[in-house]
Amino acid sequence: MNANASLVEAIEGDPRFRELVTKRTRLAWTLTGAMLVIYFGFIAIVAFAPEWLGIFISGAITLGIPIGLAVIAAAFVLTGLYVYRANSEFDRLTRDILEGIK
Amino acid sequence: MSEYWLAIIFFFVFIIATLGITYWAARKTKTTSHFYAAGGGITGFQNGLALAGDYMSAASFLGIAGLVALNGFDGLIYSTGWLVGWPIILFLIAEPLRNLGKYTFADVVAYRLQQGPVRIAAVIGTLVVVLTYLIGQMVGAGTLIKLLFGLDYVVAILIVGAVMMTYVLFGGMIATTWVQIIKACLLLGGAVLMAILVLSQFGFNPTNLFAKAAEVNGKAVLEPGTKIVTGAWDALSLGLALMFGTAGLPHILMRFYTVPDATQARKSVLWATIWIGLFYLITFILGFGSMVLVGKQTILGIGGGGNMAAPLLAKELGGPLLFGFICAVAFATILAVVAGLTLSGAAALSHDLWVSTIKGGHASEEEQLKVARIASIILGICAVLLGIVFQGQNVAYMVGLTFSIAASCNFPALMLAIFWKRLTTAGAVSSIVFGAVGTVVLIILGPTVWVDLLKHDHAIFPLKNPALFTMTGAFIVGIVVSLLKPERSSAEAFEEMERRATLGVITKAAPAE
């Protein structure tokens with residue numbers, strides 16, 4: 001029991017733990033928000049103004065096609081952003097905290 | 001009929017190869033950790049392929065290609081919806097899930113609550129989703145085999161059931177993971193090849209392909225139509241279901257336990273997103289390719305509601321050889337997904353219901369494995385029976401339904417469990433029950449069942465897809481019920497849960513299971 005209480009203290013007392021939680025939470029919700037806005041923006045156009053997507057922009061391409069593809073691309077980009085930050089910064093923080101409590 | 005013989009040969013080669021894998025996996029499956037989670041030894045890259053494989057089911061490949069072939073742009077609405085759920089899983093769910101649970105998502109929902117009631121509710125949530133998804137897949141499999149091999153529908157279902165159960169019973173998660181990986185590679189490979197062949201006929205410029213499609217079928221194929229969404233609210237509801245349903249699918253969530261840590265869990269989702277995104281881009285090309293090179297009339301004429309668009313395109317591009325290969329791969333796809341679903345259903349019955357609830361967490365490894373296998377058999381038999389009973393039902397619709405249910409009963413509870421300090425046992429249970437029951441009821445009262453099936457004049461509930469109401473409702477119910485009667489123990493355990501979810505370390509006094 002004693003060893004546990006001191007473990008808890010060590011983690012909670014480490015300012016890097018709070019930093020990690022805050023940073024991760026903020027990034028997670030920001031990117032979630034971005035994805036929601038992009039995707040539901042697309043759905044809103046499909047729902048309320050589908051004719052916009054039928055406008056020809058060049059040759060046989062309608063506006064809908066690059067927009068749809070942009071939504072798919074956005075999914076890649078946002079995912080990549082998160083993984084990049086998480087694998088570098090967050091993992092480093094986690095390692096440091098775990099080293100610190102040994 | 002010679003083209004069908006090639007498909008049958010490919011198909012048998014695949015079956016034999018996967019049975020070989022199952023044999024290899026069986027020798028390695030000694031513990032429940034192996035059976036449910038492949039011993040935690042799958043890498044992020046492998047899991048990414050397995051996840052993608054699980055996701056690129058018959059509905060994705062055949063269904064979307066068919067949808068695009070017949071309606072053009074509309075297919076992209078489903079594709080984008082099915083893809084964008086993955087980033088959400090990555091940002092909010094993958095790491096906490098991996099760190100907090102052992103084999104099932106119920107582990108996470110029940111983490112700081114009273115195990116009994118929450119586990120039972122989670123089991124209900126899991127089974128409702130798994131069983132509806134199974135209906136869609138089994139019916140798809142039966143129809144496909146009947147169309148391709150001319151076998152009787154019931155015989156087809158029995159064959160699928162038998163092979164699938166062999167994978168699960170003997171090979172557990174190790175077998176199903178590797179079958180998914182191989183299938184994913186074959187499917188992606190085949191699809192990429194077909195896309196290249198299609199584009200080569202249009203100077204490798206997709207614009208030419210779209211131009212030809214518009215020329216032949218009219219401009220309407222390049223913009224959203226009214227085929228799949230009947231109004232603004234329906235579109236919104238469908239979007240919600242597709243996006244958040246992914247995060248409520250038990251067999252997908254279960255795959256996060258096959259990797260050793262949160263970093264690998266993260267990589268899994270990255271790779272899965274890449275493969276799945278690529279796949280949807282390709283199915284868009286293939287759909288248009290089929291529309292132009294095969295033609296809507298041929299596709300509709302052969303039956304199956306557009307599902308044959310991709311295989312017919314394969315025949316057009318590569319003759320009987322490619323046709324046989326694609327058919328066999330499509331079929332393998334269904335087999336693999338059905339196996340994964342059965343395994344997650346079995347996990348719910350044995351790990352969540354039997355071991356954790358009925359036996360209070362005390363059961364020997366041997367007993368757990370035995371119960372897991374019995375549960376697999378039960379699920380397998382259910383899958384076969386459901387496939388037979390629901391013959392002729394529209395597959396794409398069943399899958400859409402599944403996503404609605406998953407988005408409403410599993411996703412809200414999981415989110416509240418991970419992020420909201422004041423969740424109580426009653427809150428979690430009522431959220432899941434509301435989500436499951438509410439969705440099923442509103443679907444019955446909606447246009448597809450009440451009007452189309454039961455022949456009433458007007459639907460009592462106007463939307464085809466109830467997710468807008470049921471998902472929101474499940475969140476509200478969970479929150480309100482929790483606030484009505486606080487649960488100190490749950491709120492107090494929140495910080496401990498946060499530590500473990502973030503760092504992966506256990507800091508509670510009692511020994512973890």
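The values are calculated or read from the model by the stated rules, or taken from the named source; none is laboratory data. The shown structure was predicted, so the numbers you read here are calculated from the model rather than taken from an experiment. Glycine also receives a Cβ, built like all others from the backbone with ideal geometry; neighbour counts cover every protein chain displayed. Accessible surface is based on the protein model in full, side chains and every heavy atom, while ligands, DNA and RNA are left aside. Shrake-Rupley method; radii C 1.70, N 1.55, O 1.52, S 1.80 Å.
Using the Cβ-Cβ distance between B:Lys359 and B:Ile506 with R0 set to 22 Å, the FRET efficiency works out to roughly 0.45.
With respect to chain B, whose longest principal axis is taken over its alpha-carbon atoms, helix B:232-245 is tilted by about 60°. Residue by residue along B:256-265, Cβ atoms of other protein chains within 10 Å of the local Cβ number 1 on average.
When all protein chains stay in place and ligands, DNA and RNA are ignored, the 1.4 Å accessible-area order of B:Ser79, A:Ser6, largest first, is A:Ser6, B:Ser79.
What shape does segment B:8-105 take by its C-alpha gyration tensor, where a ≥ b ≥ c are the square roots of the eigenvalues and a/c under 1.5 counts as rounded, a/b above b/c as prolate, and the rest as oblate? The shape class here is oblate. Expressed as a whole percent, the accessible surface of segment A:23-97 that belongs to carbon and sulfur atoms is 72, based on a 1.4 Å probe. Using the Karplus relation 6.51 cos²θ - 1.76 cosθ + 1.60 with θ = phi - 60°, the per-residue 3J(HN,Hα) values for segment B:47-62 come to 5, x, 5, 5, 4, 4, x, 4, 7, 7, 7, 4, 4, 5, 5, 6 Hz, with x marking Gly and Pro.
With a/c under 1.5 counting as rounded, go ahead and sort segment B:344-430 into rounded, prolate or oblate using the C-alpha gyration tensor (a ≥ b ≥ c being the square roots of the eigenvalues; past the cut-off, prolate if a/b is larger than b/c, else oblate). Present the calculation step by step, with values, prior to reporting the outcome.
Details: a/c = 3.29, a/b = 1.08, b/c = 3.03.
Taking the square roots of the gyration eigenvalues as a ≥ b ≥ c, segment B:344-430 is oblate.
Taking all Cα pairs closer than 8 Å and separated by 6 or more residues, the relative contact order of segment B:387-491 comes to 37 percent. The apolar share of the surface of chain B, taken as the fraction of accessible area on carbon and sulfur atoms (1.4 Å probe, ligands and nucleic acids excluded), comes to 68 percent. Peptide A:78-91 has a mean shielding of 5, counted as Cβ atoms of other protein chains within 10 Å of each residue's Cβ. Working note: Karplus 6.51/-1.76/1.60 with θ = phi - 60° gives segment B:360-377 the couplings x, x, 10, 7, 5, 3, 4, 4, 4, 4, 4, 4, 4, 5, 4, 4, 4, 5 Hz, where Gly and Pro are set to x. Span-like helix check, chain A: qualifying full DSSP H segments, with Cα axial length of 24 Å or more and mean Kyte-Doolittle of 0.0 or more, are A:15-48, A:64-85.
When only C-alpha pairs under 8 Å and at least 6 residues apart count, what is the relative contact order of chain B, in percent? Reported as a whole number, the value is 30 percent. For the set B:Glu492, B:Glu367, solvent exposure ranked by accessible area (probe 1.4 Å, protein chains only) runs largest to smallest as B:Glu492, B:Glu367.
Against the criterion of solvent-accessible heavy-atom surface with a 1.4 angstrom probe, B:His34, B:His251 sort, most first, into B:His34, B:His251. Heavy-atom accessible area buried between chains A and B is around 4500 Å² (1.4 Å probe, both sides summed).
The mean number of partner chain beta-carbon atoms within 10 angstrom of a residue's beta-carbon across peptide A:34-42 is 4.
The figure for B:Val292 is an accessible area of roughly 30 square angstrom, using a 1.4 Å probe on the protein chains alone.
By a 1.4 Å probe calculation restricted to protein chains, B:Glu223 has an accessible surface near 40 Å², given to the nearest 10.
Helix B:115-149 and the longest principal axis of the C-alpha atoms of chain B enclose an angle of approximately 20°. Put a dot 7 Å past the Cα of B:His456, heading toward its Cβ, do the same for B:Ile444, and the two dots end up 1.1 nm apart. Taken one residue at a time, the phi angles of segment B:424-434 give Karplus couplings (6.51, -1.76, 1.60, θ = phi - 60°) of 10, 4, 4, x, 4, 4, 5, 4, 5, 5, 4 Hz. Gly and Pro are set to x. By definition, a body whose alpha carbon gyration tensor gives a ≥ b ≥ c is prolate when a/c is 1.5 or more and a/b is larger than b/c, and chain B fits this prolate description. Here are some pairs, B:Lys102/B:Lys183; B:Lys183/B:Lys296; B:Lys183/B:Lys370; B:Lys421/B:Lys485; which of them have Cα atoms lying more than 22 Å apart in this structure? Over 22 Å Cα-Cα: B:Lys102/B:Lys183; B:Lys183/B:Lys296; B:Lys183/B:Lys370. Other residues whose C-beta falls under 13 angstrom from the C-beta of A:Thr62 contribute a net charge of -2, scoring Lys and Arg +1 and Asp and Glu -1.
Where in segment B:1-31 are there trypsin sites (Lys or Arg not before Pro) that are in a DSSP coil and have at most 15 other Cβ atoms within 10 angstrom of their Cβ? Let's see the in-between values first.
On the way: sites: B:Arg27, B:Lys28, B:Lys30; in loops: B:Lys30.
Listed in order of number, the matching sites are B:Lys30.
Entry comment: accessible area of the protein assembly as shown is 36 Å² per residue, from protein heavy atoms only and a probe of 1.4 Å. Once the Cα atoms of helix B:172-200 and of chain B are each reduced to a long axis, what angle between those two axes, in degrees from 0 to 90 to the nearest 10, is obtained? The angle comes out near 30 degrees.
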